[in-house]
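Here is the structure we will look at, set down as structure tokens.
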Amino acid sequence: MIGNVDTIAAIATAAGVGAIGVIRLSGKDAILIADKMFVGKKLAEQKSHTLHFGTLKNQYSEIVDEVVISIFKGPRSYTGEDTIEISGHGSPYVLQNILQLCIENGARMAEPGEFTQRAFFNGKMDLTQAEAVADLISADSKAAQQAALNQLRGGFSGDLKQLREQLINFAALIELELDFGEEDVAFADRKQLEQLIKTLSEATQQLIHSFQLGNVIKKGVSVALIGKPNVGKSTLLNALLNEERAIVSAIAGTTRDTIEEALNINGIVFRLIDTAGIREHTSDAIEQIGVGRSLEKMREADIVIALFDALESTKLEIEEMQKSLDEEYIKYISVINKADERTPAALSERFKEVPGLIFISAKEKDQIDELKQSIFDAVIEGKINTENTIVTNTRHHSALKKVAESLVEIQEGMRKEISGDLLSIDIRRCLYFLGTITGQVEIDRDILGTIFGKFCIGK
């Protein structure tokens, strides 16, 4: 990306027709460029954080649009630079004309994420907060929104800052010892450092372990519905979604390919995958392909709902399926459908001694809410508290694992009573990996380009 020497412009609102559209300008000439187009008050003379109504005119003095202009003077702005936001009518044609007008008057098109990148370079936020902006924009559930907001408010940064500051204090004392090496003076209490490293290791491991939940919150959970043809998978999909999404028929093999739909349970997105019925022998070539895809989806899913028929399925069939799933280390829930067509006593007798069964009627939507909760509990395994720091970013997770490895090396060095200069090297290495997470050490420009390149243009 280009440095902060020029003024950038982009449409900040989503593509398509809307009541209002916003064009953003940021850079040292943002207000000057806006003044060239704006007919109304002299913007350069106005206070920061004020709104001004007027018109925009092109070089031929033709009115392009009636707009409201917001002024944010640096450093009190999102980017830390002088920033202008032009709120115009939401026609894509009009917005493109306004953007072109900005470019003609000295701005250039912003790269993806360049506004947030400038905010990072200008110290308005650290790298974890910048990444949280992208997570918040793409959040599709309450849990994802809350996790991103916590990170944006500096929750994760605060945890890392505490870890880093404590290590820096000890590193400074050890460096001081090296300066007085000839006098054999000890400034750093090794016992205290040992306790600190233990505390930091526990905190780091807690953050690393939170990534499993964070990944679920950010990406959602894939749930494959599997079972024999006509066992009621499509009916169950419709019942879970509370709408007629899949075709339901008494003819076995109606579902030929996988159908995917999203379901929000307690703030987490679950991607339900209705698969073709699995049976060993079929002469239908299309159905054979569908069965193959079903098995593939089953192995890729985060959790499987193994559906059985209360009238047709046997205890042996269920046990064989459970054994097969266990052997492939696939997490699953065993569900008996059409339970309304048998008495509780008959169900108990038919499936006695088979553990962990859930009895439902997809057709009558009986016990569907209980099944939803079971799906949630099987994946989340506890209550989500998004006020706590939850690691949702793969880059952060990788860096934290390197921090953990560095802490182990420090512990090993202290156990072997290595010299202060070698211990100092290990601590500096740990500090480096902590710094890469928040951007407190210099980050490779290619890495930054990858991070901000995932943003939408205008943010």
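Values quoted throughout were computed directly from the atomic coordinates according to the rules given, and no laboratory measurement underlies them. This structure is a prediction, so every number in the text was calculated from the model and none was measured. So basically every Cβ, Gly included, is an ideal-geometry build from the backbone, and we count neighbours across all protein chains shown.
With a ≥ b ≥ c taken as the square roots of the eigenvalues of the C-alpha gyration tensor of the chain, please select rounded if a/c is under 1.5 and otherwise prolate if a/b is larger than b/c or oblate if it is not? Don't skip to the end; give the middle numbers.
On the way: a/c = 3.09, a/b = 1.28, b/c = 2.41.
Taking the square roots of the gyration eigenvalues as a ≥ b ≥ c, the chain is oblate.
I need the peptides 347-355, 68-76 ranked by packing, meaning the mean over residues of other C-beta atoms within 10 angstrom, with the highest value on top.
For the peptides 347-355, 68-76, the packing ranking is 68-76, 347-355.
Treat each spin label as a single point 7 Å out from the Cα along the C-beta direction, and report the Arg108 to Arg190 distance in nm.
5.7 nm
Modelling each spin label as a point 7 Å along the Cα-to-Cβ direction, I'd like the Tyr93/Arg153 distance in nm, to one decimal.
Distance between label points: 4.5 nm.
What translational diffusion coefficient, in µm²/s and rounded to a whole number, does the Stokes-Einstein relation yield for the range 300-459 at 25 °C and a viscosity of 0.890 mPa s, taking the hydrodynamic radius as the Kirkwood radius over Cα pairs? It would help to have the intermediate numbers written out before the result.
Values: Rh = 21.0 Å.
Translational diffusion coefficient: 117 µm²/s.
In deg cm²/dmol and to the nearest 500, what is the mean residue ellipticity at 222 nm of the chain if only DSSP H runs of at least 4 residues count, each as -39500 (n - 2.57), divided by the residue total? Mind showing how you got there, number by number?
Values: 15 runs with 215 residues, N = 459.
After summing the helix terms and dividing by the residues of the chain, the value is -15000 deg cm²/dmol.
Cα centroid distance between the range 315-384 and the range 62-107, in Å?
First find each Cα centre; the distance between them is then 57 Å.
May I ask for the angle, rounded to the nearest 10°, between helix 92-104 and the longest principal axis of the chain, with both axes built from Cα atoms and the value confined to 0 to 90°?
The helix 92-104 is inclined about 30 degrees to the chain.
Give the angle, between 0 and 90 degrees and rounded to the nearest 10, that separates the Cα long axis of helix 315-327 from the longest principal axis of the Cα atoms of the chain.
That helix lies at roughly 30 degrees to the long axis.
Rounded, prolate or oblate, given the Cα gyration tensor of the range 1-71, with a/c below 1.5 counting as rounded?
Values: a/c = 1.44, a/b = 1.07, b/c = 1.35.
Note, shape of the range 1-71 comes out rounded.
Once fully extended, how much extra length lies between Leu51 and Leu357, figured as 0.36 nm per residue of separation less the alpha-carbon to alpha-carbon distance?
Numbers: separation 306, 0.36 × 306 = 110.16 nm, distance 6.20 nm.
Once the chain is fully extended between Leu51 and Leu357, it gains 104.0 nm.
Could you give the C-alpha radius of gyration of the range 17-58 expressed as a fraction of 2.2 N^0.38 Å, taking N as the number of residues it contains? All intermediate terms of the calculation are to be shown ahead of the outcome.
Numbers: Rg = 11.1 Å, N = 42, 2.2 N^0.38 = 9.1 Å.
It is 1.22.
Tell me the angle of helix 285-300 to the major Cα principal axis of the chain, expressed in degrees between 0 and 90 and rounded to the nearest ten.
The helix 285-300 is inclined about 60 degrees to the chain.
Please compute the Kirkwood hydrodynamic radius over the range 8-125, one decimal place, Å, based on all pairs of different Cα atoms. Mind showing how you got there, number by number?
Details: mean 1/r = 0.0710 Å⁻¹.
Over the range 8-125, the inverse of the mean reciprocal pair distance is 14.1 Å.
What is the distance, in nm, between label points placed 7 Å from the Cα along the Cα-to-Cβ direction at Ala44 and at Ala378?
6.7 nm
Based on other C-beta atoms within 10 Å, arrange His49, His397 from fewest to most. Spell out each step's value before the answer.
Working: His49 11, His397 18.
With the sparsest Cβ surroundings first, the list reads His49, His397.
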